[in-house]
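The values are calculated or read from the model by the stated rules, or taken from the named source; none is laboratory data. The model shown is predicted, which means the values in this text are computed figures rather than measured ones. Don't worry about glycine lacking a Cβ; one is built from the backbone with ideal geometry, like all the others, and counts go over all protein chains shown.
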Amino acid sequence: MAFVVWDNPPVVIGGGSYLDELAGLVGAANVFHDIAAASATVGLETIVSRDPDLLVLLRDSATAEPPGFLRRPEWRAVRAVRQARIVYLSGSLFARPGPRAAEAVAEFRRRLEEAMP
Amino acid sequence: MRWLGLMVVVVLALALAVVLGPAHVSLADLTTSDIVRSLRLPRALLAFLVGGSLALAGAGLQALVRNPLADPSLLGLSGGAGLGAVLAIALHLNSPWALPLAAFAGALGAMALVYRLGLVGGAELDPRILILAGVAVGAFTAAVTTALVSLSGAAELRNAFLWLWGGLSGASWDSVLLLCVYAPLPVAVLLAAARPLDLLALGEEPARHLGADVEAVKRRVYLAASLLTAAAVAVSGVIGFVGLVVPHAMRLLWGHRHRPLLPAAFLGGGALLALSDTVARVAVAPRELPVGIVTALIGVPVFVLLLRRWTAS
């Protein structure tokens, strides 16, 4: 999977970050684990070639509508976008480490199982 | 010979942009690869069109205001585009095309304001006032944009600045097609102004005596250059340097006559941006550099080299 935090330019979460660690705890592999920085600008081409099974997006508001960039033609090149395998996590629970980390891990695991039964 | 050389550079830049990339695609798979077809090819073409547009607009503006420092970013359009984009994000406009459309609307708004201010001295467009108005409008919109971002504190607005610094990651066949439909008119208007721009270089009074309709030329060149820049900024953010230095580099090779200079600037600007974007994509792969850094890193040495050759001869 891959964490996408911004779409233009695409910014993803790399290794050595809290989210990457959470992914490891729930047994999901961040395809950008090898990038040392906590977050990095990458090309769409790199996302397509690393072919994550699903994209994880953080957002604060619980608005039901998916973000517009998922309907942009260049993002349709990403398999997870075409197959609508998108997981939304709440920014307040997942953006920073804290005493609710255990809650975050359980929530993350539940969401992944929903998306990839 | 010079034209042949320039064409070779253009073809080479486009070929490299298609062949090279962070993902490995073998030469045999080039025509069938999805990555090449849906990502690399449109991105290479968009880089070429945007770079060409910015350089052509820059060449036209430098002639119009008779100032070698004139650059599309001095017109206040970038500031307007940035304000439009940040507003679209702040208002949570969620359509896939909201950002480029809002940026384009912002650029047009800034253009109208600058144009109106350029006319304050009377019915004649004063190029010096035009540049000052551009700088003033640019500073004002930048201030409003920064205020919005710093007051909101939302992470997505900070990310909007990434977009503002320019990049071609929004490239798709749709954006290429859009520019292919939109750009020919302003490009044609600028190319057709080559002869009157030569006359304008002599000064407005002499140009008038030589039969140029100075007023009409000034308006046409300003509007065409602005419309071209607005579209470039809308699809790719603010990419600096191409519009400033490519016209000068081409002037060193082709001289001051605008008939050869303007098309050469378009081709040279396109080649520079296509090349720069390739470097931006592969230099630190899997990460990507902002393309504006690369245009300066490649363009400045080339420019210095040309300048030395030119001053030596």
Within segment A:79-112, which residues are within 14 Å of chain B (Cβ to nearest Cβ), within 13 Å of the chain's Cα centre (by Cα) and within 30 Å of residue B:41 (Cβ to Cβ)? A:81
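With the requirement that a residue be more than 14 Å from chain A (Cβ to nearest Cβ) and in contact (Cβ under 8 Å) with a residue 12 or more places away in the chain, what does segment B:31-54 give you?
Restricting attention to segment B:31-54, the residues satisfying the condition of being more than 14 Å from chain A (Cβ to nearest Cβ) are B:31-32, B:48-54.
Selection gives B:48, B:49, B:50, B:51, B:52, B:53, B:54.
Do any helices (runs of 4 or more DSSP H) lying entirely in segment B:121-222 carry at least 3 residues that are under 19 Å from the mean Cα position of the chain (by Cα), surrounded by 14 or more Cβ atoms within 10 Å (Cβ to Cβ) and not hydroxyl-bearing (Ser, Thr, Tyr), and which ones are they? Walk me through it before giving the result.
Values: elements: B:127-152, B:155-164, B:173-182, B:184-192, B:194-200, B:204-209.
It comes to B:127-152, B:155-164, B:173-182, B:184-192.
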For segment A:16-27, how many residues meet the condition of being within 16 Å of residue B:286 (Cβ to Cβ) and either in a helix (DSSP H, G or I) or touching a helix residue (DSSP H, G or I) at 6+ places or on another chain (Cβ under 9 Å) (or both)? 1
Restricting segment B:241-292 to residues that are touching a residue at least 24 places away in the same chain (Cβ under 8 Å) and in contact with a strand residue (DSSP E or B) (Cβ under 8 Å, 6 or more places away or on another chain), the one farthest from the other protein chains (Cβ to nearest Cβ) turns out to be B:290
Condition set more than 12 Å from the chain's Cα centre (by Cα) and among the acidic types (Asp, Glu), scope segment A:8-44, selection surrounded by the most Cβ atoms within 10 Å (Cβ to Cβ): answer is A:21
Quick check: is even one residue across segment B:70-87 part of a helix (DSSP H, G or I), within 14 Å of chain A (Cβ to nearest Cβ), surrounded by 15 or more Cβ atoms within 10 Å (Cβ to Cβ) and more than 18 Å from the chain's Cα centre (by Cα)? yes
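Which one of B:178, B:185 is under 21 Å from residue B:40 (Cα atoms) and modelled with pLDDT of 90 or more?
On the way: B:185 fails: under 21 Å from residue B:40 (Cα atoms).
The conditions single out B:178.
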